[in-house]
1. If each residue of separation counts as 0.36 nm, what is the full-extension length gain between LYS317 and ARG221 once their alpha-carbon separation is subtracted?
2. Name all residues of segment 228-256 having a backbone nitrogen under 18 Å from the label point set 7 Å from the Cα of MET199 along its Cα→Cβ direction, giving them as ranges.
3. Express in nm, to one decimal, how much length is gained between ALA242 and THR306 on full extension, taking 0.36 nm for each residue of separation and deducting their alpha carbon distance.
4. Measuring from label point to label point, each 7 Å out along Cα→Cβ, what is the LYS117 to ASP210 span in nm?
5. For segment 221-330, what is the charge dipole size about the Cα centre, in debye to the nearest 20, if Lys and Arg each add +1 at the Cβ and Asp and Glu each add -1 at the Cβ?
6. Work out the FRET efficiency for PHE110 and CYS298 from their Cβ-Cβ distance, taking R0 = 30 Å, and round it to the nearest 0.05.
7. With a 10 Å radius around each residue's Cβ, average the other Cβ atoms per peptide and rank 257-266, 121-130, highest first.
8. Once you have the Cα-Cα distance between LEU95 and ALA155, take 0.36 nm times their residue separation minus that, and quote the gain in nm to one decimal.
Amino acid sequence: STLPMPTRTRGRKKRGEISGGDQKGASQSVGQKKKNIKRVKQASATTTTQKPKRAKTFNSSSSSSKGGGATGHSIEEKERPDVTEDSKTSLDTVLRSVVKIYCTYTEPHFSLPWQMKRQDSATSSGFVISEKRILGNAHGVAFHSVVRIRKHGTAKKYIAKVLHVGHECDLAMLTVEDDEFWNGLHPLRLGGVPQLQDMINVVGYPTGGDNISVTQGIVSRVGVGKYSHTEECLLAVQIDAAINAGNSGGPAIKRNRVVGVAFETLDDAENIGYIIPTPVINHFLNDIAQSGKYLGFCSLGIHWQTIENRGMMSALKLSRAQSSSSSSSS
């Protein structure tokens, strides 16, 4: 007959006791006690041999945790995150494809236009895309004199060339002419616009260290916002992941797809950062692919203002029925 499995406890039992029993050892004979102890040892040995099988089944097949075979798994195994070899490989690919950009720049002196300001340097992040190109932020290479790029896990810096800059959308495209730089790098693919409450990871090289950094957060807002680099209003995604100086240009990853580029954070606030979504990135890339250069975003060329003051409405001869407040209340 099949022996019952012993009930697991928190380690308070002594060796040789029967788990889940009714504590009838006082009334049992010595031979019966030895028989029960033998059964417990045999059941424990069976449990020990089954542990590697359950772990192997969980890692090798994700469908077993969704079907009827999931009854053999514990709660911890069901809630365990995906740690398969494919996910590890994908994470390593993402980390290798994110680079650190070193920019030496000289800003113009607008008060004294006949001379330049003193030379300075800054760092930002970027990531590899198709056709041996690197995508980053425009403000990370603005007024550049020399741009160098370092890969993850290496100390060598390669001279980079800035191909295109879109100041409106705060994006820049770079490349490295040295073929040695591209060994082991894989281009990252773009995804869609993330939804509210979606979990994303921001990868980059922020201040506070020289190695790569990964922060996690959720999407809290999607809408049109003002880009601080040029004060243009374009689509932006607000997240609560930590975005610090140096994170600019790093990819925002969701399921191994790039869903945005980190570019700014809100001062005097906590956990409010912004990423450039993929529709803006695709517009930047499509301009370059079709025209060979960045053309920009179209605009109506007009300014508008909301009218809620009754004096302004009277001066412009507008009725209350034409106001947004009256139309929404009606």
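Taken together, the values in this text are just the output of simple stated rules run on the coordinates, not laboratory data. Quick caveat, the model's predicted, so the values are computed rather than measured. Glycine also receives a Cβ, built like all others from the backbone with ideal geometry; neighbour counts cover every protein chain displayed.
1. Working: separation 96, 0.36 × 96 = 34.56 nm, distance 3.75 nm.
Fully extending the segment from LYS317 to ARG221 adds 30.8 nm.
2. 239-242, 252-256
3. 19.6 nm
4. 2.7 nm
5. Numbers: 9 positive and 9 negative charges, 104 e Å.
My answer is approximately 500 debye.
6. On the way: r = 28 Å, r/R0 = 0.94.
Approximately 0.60, to the nearest 0.05.
7. Details: 257-266: 23.3, 121-130: 20.4.
In decreasing order of mean packing, 257-266, 121-130 become 257-266, 121-130.
8. Details: separation 60, 0.36 × 60 = 21.60 nm, distance 1.53 nm.
That works out to 20.1 nm of additional length.
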